[in-house]
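In what follows, a single structure is set out as structure tokens and then discussed.
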4 protein chains.
Amino acid sequence: MASFADITDQLAGQAIELPSWAFGNSGTRFKVFSTPGTPRSVEEKIADAAQVHAATGLAPKVALHIPWDQVDDFAALGRYAEDHGVTLGTINSNTFQDDAYKFGSLTHVDETIRRKAIEHHFTCVDVMDATGSRDLKIWLADGTNYAGQGDIRGRQDRLADSLRQIYDRLGPEQRMVLEYKFFEPAFYHTDVPDWGTSYAHVSALGDKAMVCLDTGHHAPGTNIEFIVAQLLRLGKLGSFDFNSRYYADDDLIVGSADPFQLFRILYEVIRGGGFGPGSDVAFMLDQCHNVEDKIPGQIRSVLNVQEMTARALLVDHDALAKAQADGDVLGANGLIMDAFYTDVRPDLAAWRESRGLPGDPMHAYAVSGYQRTIETDRVGGRQAGWGA
Amino acid sequence: MASFADITDQLAGQAIELPSWAFGNSGTRFKVFSTPGTPRSVEEKIADAAQVHAATGLAPKVALHIPWDQVDDFAALGRYAEDHGVTLGTINSNTFQDDAYKFGSLTHVDETIRRKAIEHHFTCVDVMDATGSRDLKIWLADGTNYAGQGDIRGRQDRLADSLRQIYDRLGPEQRMVLEYKFFEPAFYHTDVPDWGTSYAHVSALGDKAMVCLDTGHHAPGTNIEFIVAQLLRLGKLGSFDFNSRYYADDDLIVGSADPFQLFRILYEVIRGGGFGPGSDVAFMLDQCHNVEDKIPGQIRSVLNVQEMTARALLVDHDALAKAQADGDVLGANGLIMDAFYTDVRPDLAAWRESRGLPGDPMHAYAVSGYQRTIETDRVGGRQAGWGA
Amino acid sequence: MASFADITDQLAGQAIELPSWAFGNSGTRFKVFSTPGTPRSVEEKIADAAQVHAATGLAPKVALHIPWDQVDDFAALGRYAEDHGVTLGTINSNTFQDDAYKFGSLTHVDETIRRKAIEHHFTCVDVMDATGSRDLKIWLADGTNYAGQGDIRGRQDRLADSLRQIYDRLGPEQRMVLEYKFFEPAFYHTDVPDWGTSYAHVSALGDKAMVCLDTGHHAPGTNIEFIVAQLLRLGKLGSFDFNSRYYADDDLIVGSADPFQLFRILYEVIRGGGFGPGSDVAFMLDQCHNVEDKIPGQIRSVLNVQEMTARALLVDHDALAKAQADGDVLGANGLIMDAFYTDVRPDLAAWRESRGLPGDPMHAYAVSGYQRTIETDRVGGRQAGWGA
Amino acid sequence: MASFADITDQLAGQAIELPSWAFGNSGTRFKVFSTPGTPRSVEEKIADAAQVHAATGLAPKVALHIPWDQVDDFAALGRYAEDHGVTLGTINSNTFQDDAYKFGSLTHVDETIRRKAIEHHFTCVDVMDATGSRDLKIWLADGTNYAGQGDIRGRQDRLADSLRQIYDRLGPEQRMVLEYKFFEPAFYHTDVPDWGTSYAHVSALGDKAMVCLDTGHHAPGTNIEFIVAQLLRLGKLGSFDFNSRYYADDDLIVGSADPFQLFRILYEVIRGGGFGPGSDVAFMLDQCHNVEDKIPGQIRSVLNVQEMTARALLVDHDALAKAQADGDVLGANGLIMDAFYTDVRPDLAAWRESRGLPGDPMHAYAVSGYQRTIETDRVGGRQAGWGA
């Protein structure tokens, strides 16, 4: 097994993008609980995200959601972010909350509505031009609830056309990442339900279109690390939305439901060349902190990714390759488990301190007083959530 | 196979309770779409429910949800319902939308909050006294999102105590039905996740406590008709919440996702004595009409239950018992499929007309002008939904 | 809705290939039950398959499995089949029962074993040359049981190379169909787990390589008709392995577990141009009759496909398209359900008789005396199963 | 968090029973691979099991399967075991491999066959009398593959009667543990599919009947630790069959698929009083080593259980209870994760050595020469498997 000292250079380059909406309220269809100190504006979300980066050194970018984070002057917003030590990242479109999109957006049978959805994405590209963002992330809520409600095949054809129009609007340094999702909010079919569908579309589009893999968007039992390996092999893994799940798209803290799965995913990322300076794969969180505190929830999440990355980097690749070649099942598995079970937390704490960061970022945030300050200061106004 | 004439007496006694909340708006955590004509009050919900009964003769009762349907004078509400040709049915409690219940209600570790939740159920029993309702239905959102967040064992013990207090408040003709749910809104554990847990609690309570089976609240692949057969055998099947699902608790129209499953469930209901005048099992819908029209959605639903009940009643039990005894797998299955594939719709239409009902209730509602009237009349006010 | 007379021309062209192994014994890892009359040779399997075609007119081809059905003279076997009224169809390779393949075949890290597996496929192509079969079907048992046991990425690269070598051996009229499977017999990862992986490989190979969709090889909840629609759109749906499932790869009689799903699949097949003289999609059964009689089990299966095809052909496409365009959810779904609930069996029986076939093929077989004859005659020898 | 020294007394009492059949060959319906050195007799299985105990000190008992392990003189077999340092444990019945049981055993509609199955269990009790075993474990393969094939309700009633007859045969110190299984080998319904069914039966029987929980026998997503907590609360958790799964009943090495789940299960065992001298809960493995070596596979398995038990014992209960009471979601979860992520392996190694055991049991076995010896010696004869 590698030593911790061998892997610090690789760890030093790690960056995990935070979603602005993780700092607003979220919940289920049954209830959205509000919490003191929740941001009322995109600026307050960015300020909170900056706390995560300050405590961990892991989260230099903040992803925006349009229209939730719409502002008049994105250049100014970018400067605001930089003043807080972070930059603006991926732009996420939203075609699921306007009444017009009840039966679809980029797949809609009505050309007027489909046009509206396409143009929303043009607006998002305009935002990218203003913010300097590289990635336009498209997650579609499109789908149907009943057999026959829509024409599955026709919707695919319209989707292909819509994506083509958006793709053609991208600048030379910009990318589109197309997310897939097994179900929800549609309950009979979704128009991009699996990686195969996303892959078929982005392959047809060209080099600037890539797949986005959300770790919570698969059928029960799906081997996600296989998809990671496959997409890297095909050159089409664009980005991750990290979170975790026990049942559906639970959007829990990444690594909380199945830490070993997160380890296996990161192992295949590294194995396939998806980690490090030579890779364009974007790592992002996409979670809901329904019952836990939001800022420490994000700190815990990026630490989980860092800790698992460290474990995955420790795997002794040469010994593993030999055991695999020898058909030594227990030996090969043992090498993987050995890295997984290694407690990297003390080494990481010491290394963080050597870089001027808190050894225990959770504790550092807790004693920083920031939480008390925002709970005191952010009185009045409307707390941010998914609807605003 | 039985003839249709043989089963009409049994069909004539069928009654399916409607949930008041099916007439309000519902949706997902991403969006609740509003629709013209949606009720603004419990009275308007009851008026809509009465349309379903008028069109089908199948839905004489309306279930209420407290506090969504709270009124000052439930006796007056009962008279209002009777004036519209229906009566008030099951009372559903709600301990999932008050901020106090963020970490539980009947299971809460804080005795003050647990007391509040228990007393809410006392209030519900008061409502039952006023409405003459037989059943108090308890669906708990209680659960946790992360391992360790709560003490699973301690929560069970407190749940048992809370249920006991509520049970002891029931009148001699009143019942408690305890619903179970696999997941949502909690994503790590729920406090009543399966029929076994509900059964263990209601068995400990006594004869007036029964299990409520919601057809959408099971793990993927669960054989629901087995549970029906088992609970009937154990004398503990209290009621159904009908709906259907492809993935999670999709709350789609009953019978829409897997008609054959609905048939099998109803077959076991009949086989086990759960249908007909000698049975106390309550049949109720619990659905969300997120994208389809609500009143015809409910009409379609009760018709689906009626049609499948008719098919299940047609099964030739004697021939089936013989094929089963002979180990004639294909023969036995063939008898089941023969009933399922029989198109009972023409016979049902003729029979409805013979009873003074429309042969085609969907069409009858569509041409009744009711929908246009409510869309015109119900302007202003706040449309009903889960939050109000 | 179309009338039955409108669809008979389309039904007349339907052909469903039978797997030779369905007539041998099969079971689970716990037990394979033997049954009187089970074939001892490929010739006896073909004779049994011919009974299915004689009774239904639906099953003119028999698929072979190599080496289970290996004979010295395949040309003679082809003549034997023709003498019985059927022809030889798809050739299925087998790289999962030789001790050499314990850790893989076309993906094996050991070049000697990988070479052996590739050459087995060359042998299969030789068989195809002798039988005139069009399709080589590859289902791989390759995979691993433990994380780290194999190198997922390296296995994909070797798989691509192996498939390329096999593909290059195909004649101009021959095709390769690559089957995917979610799990079993491997329990951590399989090397072709999903349609996306199969699609990525066959797309890289060329026009003669297509995807094979086995209806039992998906994760719980997967919308299979979506995959059908997508693969037809991409021009890469090669063939079906029909069966049905409640849980895993149960290999039950097609249409027995979820008849509505079979209907929806066939609807998308027709919608996407996969049915009829202009289509190259092959329809085949792949089932296990563990507890039911094999020949009537196959008769029941092809009838199920025929009945559901008839229902799917009855859908009123114009009315459906209008309802979809109008956002009439209940109307559109109603048109689909109307076709599904139509009892086509009487019309099919009359139509069969008009073509010189038995109106009730199950009954015709039962009274034919064939079963008694084979039970009497097939004494001694070794009953066919998966191992022989 | 507790220190390792605090928990060694508790660890010292841990015992995990080994299944004799884990040392024979196993596989899937597709193939059973044979391996050099596989036992040909129950004595050789016991000898192998004794190696696991010698290397770990964790596995003092061997469970037998009747008739696989049938011998003429069980008293002599018991002495043979003791000579090897182990004792005979749970007796497992088998009513799934005789042709008579094709359509059921304890549930069979034919009284002759049901009688035969009951009497097989009487034979097993006779074996228990001879071996001094406490537990009779009943896993039923009973179930059906098609709707209508059997009468679900009637089968339950017969099952209850059969279990009663067997229960009444138990001696005062003997117990029956009734295992449940979601599916396989039956694919439509199983007669004991879930813990609720097992619990209903054993509750009706009496104090000597308990539930057996096999960790691989649940629907996807099931929260198993909840069931553990519930059964302990109800006083009805009799025993565990440990293994792990990604998909179905994969029977992989315990802890290999989801180590965190194993940890959570053991945490609830300890929390609920199921571990330690005051508990009667039996811990047993039930696994298949299809592709890995069997003896080290068993060593790895008992070590996994030991390591996870150690982690679970380390949890700081007082701090956890406080965080739970405070609604401190991240704090409570953090206390659980802190114990899980603690690398207990070095402390365990040192502690083993202090007790005269090898610090690294996997290595100790590998260099012991035992494997080479059995591969050399065990030539000829018939290797043990599920059929013999």
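The values are calculated or read from the model by the stated rules, or taken from the named source; none is laboratory data. The structure displayed is predicted, hence computed values, not measured ones. Glycine gets a Cβ as well: all are built from the backbone with ideal geometry, and neighbour counts include every protein chain shown. Surface areas here come from the heavy atoms of the whole protein model, side chains and all, with no ligands, DNA or RNA. Shrake-Rupley method; radii C 1.70, N 1.55, O 1.52, S 1.80 Å.
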Fill in: Other copies of B:THR112: label-to-label distances in nm, shortest first, labels 7 Å along the beta-carbon direction
5.5, 7.3, 7.7
Item to complete: Find the relative contact order for the range C:288-388 and round it to a whole percent, using C-alpha pairs within less than 8 Å whose residues are 6+ positions apart.
Response: 23
Worksheet item: Between rounded, prolate and oblate, where does the range C:232-388 land on the alpha carbon gyration tensor, with a ≥ b ≥ c its root eigenvalues, rounded for a/c under 1.5, else prolate if a/b exceeds b/c?
Response: prolate
Worksheet item: Computed on protein heavy atoms with a 1.4 Å probe, what is the summed buried accessible area for the chain pair A and B, in Å² to the nearest 100?
Response: 4100
Worksheet, complete the sentence: Over chain C, with neighbouring protein chains present, the accessible area per residue in Å² at probe 1.4 Å is 31
Item to complete: Find the centroid of the Cα atoms in the range B:82-152 and in the range D:216-232, then give the distance between the two in whole Å.
Response: 25
Worksheet, complete the sentence: From the Cα centre of the range C:254-302 to that of the range A:8-48, the distance in Å is 49
Worksheet entry | Calculated [θ] (222 nm, deg cm²/dmol) that DSSP helices of n ≥ 4 give over the protein assembly as shown, each run adding -39,500 (n - 2.57) | -14000 deg cm²/dmol
Worksheet entry | Solvent-accessible area, 1.4 Å probe, carbon plus sulfur percent, for the range D:14-377 | 48
Worksheet item: Which distances, in nm and shortest first, link the C:ALA204 label point to the same label point in every other copy, taking 7 Å along Cα→Cβ?
Response: 2.2, 5.7, 5.8
Item to complete: Normalising by the residue count of the range D:14-377, find the relative contact order in percent from Cα pairs under 8 Å and 6+ residues apart.
Response: 17
Discussion item. Going through the cross-link list C:LYS45/D:LYS102; D:LYS181/D:LYS294; B:LYS322/C:LYS294; A:LYS31/D:LYS236; A:LYS181/B:LYS137; A:LYS181/A:LYS294, which pairs have a Cα-Cα distance over 31 Å in this structure?
Written reply: A:LYS31/D:LYS236; A:LYS181/B:LYS137
Fill in: Largest to smallest principal axis extent of the C-alpha atoms in the range C:1-57, angstrom
48, 26, 16
Worksheet entry | Size of the range B:14-377 as Cα extents on the principal axes (Å, biggest first) | 59, 58, 42
Item to complete: Quick one: with label points 7 Å out along Cα→Cβ, list the inter-copy distances for D:GLY85 in nm, shortest first?
Response: 5.7, 6.9, 8.3
Item to complete: Quick one: grab Rg to one decimal and Dmax as a whole number for the protein assembly as shown, Cα atoms only, in Å.
Response: 31.8, 91
Practice prompt. List the residues of the range D:149-167 whose accessible area drops by at least 30 Å² when all protein chains are present, compared with their chain alone, using a 1.4 Å probe and counting only protein heavy atoms.
Written response: D:GLN149, D:ASP151, D:ILE152, D:ARG153, D:GLN156
Worksheet item: DSSP H helices in chain B with Cα extent of 20 Å or more along the helix axis and mean Kyte-Doolittle hydropathy at least 1.0?
Response: none
Practice prompt. Report the accessible area of C:GLU119, computed with a 1.4 Å probe over the heavy atoms of all protein chains in place, in Å² rounded to the nearest 10.
Written response: 90
Discussion item. If I take the Cα coordinates of the range B:8-93 and project them onto the principal axes, what are the three extents in Å, biggest first?
Written reply: 45, 30, 24
Worksheet item: How many nm separate the modelled label positions at C:ALA5 and B:GLU375, each set 7 Å beyond the Cα in the direction of the Cβ?
Response: 3.9
